[in-house]
Amino acid sequence: MFRLIHISDLHLGPLPPARVRELASKRIIGYVNWRRNRGRRLGEGVEAALLAAIAAERPDHIAVTGDLVNIALAAEYVAARTFLGLLGPEDKVSAVPGNHDAYVPGAARRARDAWAAYMTADAGEADGWPYVRRRGEVAIVGASSAVASGPFMATGSFSEEQAGRLSSALDALGRAGLCRVVLIHHPPVKGATAWHKRLSGASRFREVIARHGAELILHGHTHQPTRLAIAGPRGEVPVFGVPAATQRPGGSHPAAGFNLFDIERANDGFRIGHRLMQVTADAGAFVETRGEEMVIPAP
Ligand SMILES: [Fe+2]
């Protein structure tokens, strides 16, 4: 049995004091927005409970689907790197960047540099996006949808180049009979977000899955615990979203949560048990709020 935990959208705070020069451009809007809203809703108290709850589940691996920071200031990347270290060792934690990690031009590279140890392929696998990490019966395939976008936009992009590389990776991992778990920050499901938050190239992503298959797709971005699906070559592929990992209870978005998957090989494929764990009203613990058992046919 392989236990995989999925968290996303940490938006780690509090924000470091921003220098005026750094607040040029889109960051001004993000900074004001943080001061008004996010800073009050996303909290450090939840972070400690989250780390304790994850450790108590003794996961084999942790997937982090982006938006670790807010407005891409240098100090935020350092804080996020520390947080990744608190989650687990580099070979047991896999991250992909979100739009906030690529908030302004050049930021995506900064994310890649700061968190490289959590975003690099295994030795012998191809470099770049998506990266592939094989862990027992499971293959983590980390795609990037993170691009800088204009003011008031939170779009992502899935390029043709990545589509080609994802296709090859899924074929190779399918031939190896592994449970292929694809990570991407933006939801690749049609209509899953508002227009200004959409994934451009989502249909390209869905075409890759329809042709080459995957066993599980994990995303963030929406801060919602959704359970959707997209078509694969042998039936539907489950697609899971998750609440923001540090969301205080009682806000307009669902309280902080993480997805927990117990993956087991079954005769006809993989048996995957899912549990959604969410923080209690006093932010003291995480409890199961939803669950399901799935059987996914073998690749
Ligand atoms: Fe996002």
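Just so you know, all these numbers are worked out from the coordinates, no wet-lab data involved. Keep in mind it's a predicted model, so treat the numbers as computed, not measured. Backbone-built Cβ (ideal geometry, glycine too); neighbour counts: all protein chains shown.
GNM remark for the chain: springs join alpha carbons under 10 Å apart, and the peak mean-square fluctuation among ARG110, ARG133, ARG175 falls on ARG175.
For ALA210 and GLU160 in the same chain, what is the full-extension length gain: residue separation times 0.36 nm, less their Cα-Cα distance, in nm?
Result: 16.5 nm gained on full extension.
Placing a label point 7 Å from the Cα of ARG227 along the Cα-to-Cβ direction, the residues of the range 201-216 whose backbone N falls under 18 Å of that point are 215-216.
Between ASP282 and ALA75, the modelled labels are 3.3 nm apart [label points 7 Å from Cα along Cα→Cβ]. Gain on full extension, evaluated as 0.36 nm per residue between MET1 and ASP268 minus their Cα-Cα distance, stands at 94.6 nm.
In terms of overall dimensions, the chain has a Cα radius of gyration and Dmax of 17.9, 60 angstrom.
Note on the chain: GNM, Cα springs under 10 Å; of VAL237, VAL96, VAL132, the largest mean-square fluctuation is that of VAL237. Compared with the alpha-carbon gap, the fully stretched path from ALA48 to GLU236 is longer by 64.1 nm at 0.36 nm per residue.
Based on the Cα atoms of the range 159-299, what semi-axes does the equivalent ellipsoid have, where each is the square root of 5 times one gyration tensor eigenvalue, given in whole Å with the largest first?
Working: eigenvalues 152, 80, 22 Å².
Three semi-axes, in Å: 28, 20, 10.
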